[in-house]
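Asks: Quick one: the structure is below, questions incoming.
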Amino acid sequence: MQDWIIAAQDGIDIVGIGPTDLSETPGILDPGDPRLKAKVNGIAQRIKKIGKAKLSIPMNHSALPLSPQDSMELGVGYSNVASAPPTLLI
């Protein structure tokens, strides 16, 4: 993922993370998997270091259940607080 390239562009205000895409692409199916949290923390740190765009992650999404405190610690600048999408097991 090259979020830092997008975040460094002039005129980009928000870099959004889709929790389902972020977790399923590397095959992480458990929202408590430490690899997922490490990946999100890495993205958040790179975006903060650039200092232009803000991070956007939905709060309390089933694939990445973040609390308001978690979001603040990550530096999330925008969060969708709608209900999480349904999770279907096939």
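All of the numbers you see were taken from the coordinates with simple rules; none came from a lab. The structure displayed is predicted, hence computed values, not measured ones. Cβ atoms come from the backbone with ideal geometry, glycine included; neighbour counts cover every protein chain shown.
Asks: Return the long-range amide H neighbours of Gly16 (sequence gap of 5 or more, or a different chain), with a cut-off of under 5 Å between placed amide H atoms.
Replies: Here the answer is Ser56, since their amide H atoms fall under 5 Å of that of Gly16.
Asks: Oh, and also: What distance in nm separates the two pseudo spin-label positions at Glu73 and Trp4, each 7 Å out from Cα along the beta-carbon direction?
Replies: 2.3
Asks: When Rg/Rh (Cα atoms, Kirkwood Rh) is calculated directly from the model, which label among (1) 0.96; (2) 1.67; (3) 0.92 fits?
Replies: Calculated Rg/Rh (Cα atoms, Kirkwood Rh): the matching label is (1).
Asks: Based on the Cβ-Cβ distance from Lys48 to Glu24, what FRET efficiency comes out when R0 is 22 Å, to the nearest 0.05? Each step should come with its number before you reach the end.
Replies: Details: r = 25 Å, r/R0 = 1.14.
That pair, Lys48 with Glu24, gives E of 0.30.
Asks: Let me ask something else. Given +1 on the Cβ of Lys and Arg, -1 on the Cβ of Asp and Glu, and no further charges, what dipole in debye does the range 30-81 carry about its Cα centre, rounded to the nearest 20? The partial results should precede the final answer.
Replies: Working: 8 positive and 4 negative charges, 78 e Å.
Roughly 380 debye, rounded to the nearest 20.
Asks: Can you list the aspartates and glutamates whose alpha carbon is less than 14 Å from that of Lys54, not counting same-chain residues fewer than 8 positions off?
Replies: Cross-link targets: Asp3, Asp10, Asp13, Glu73.
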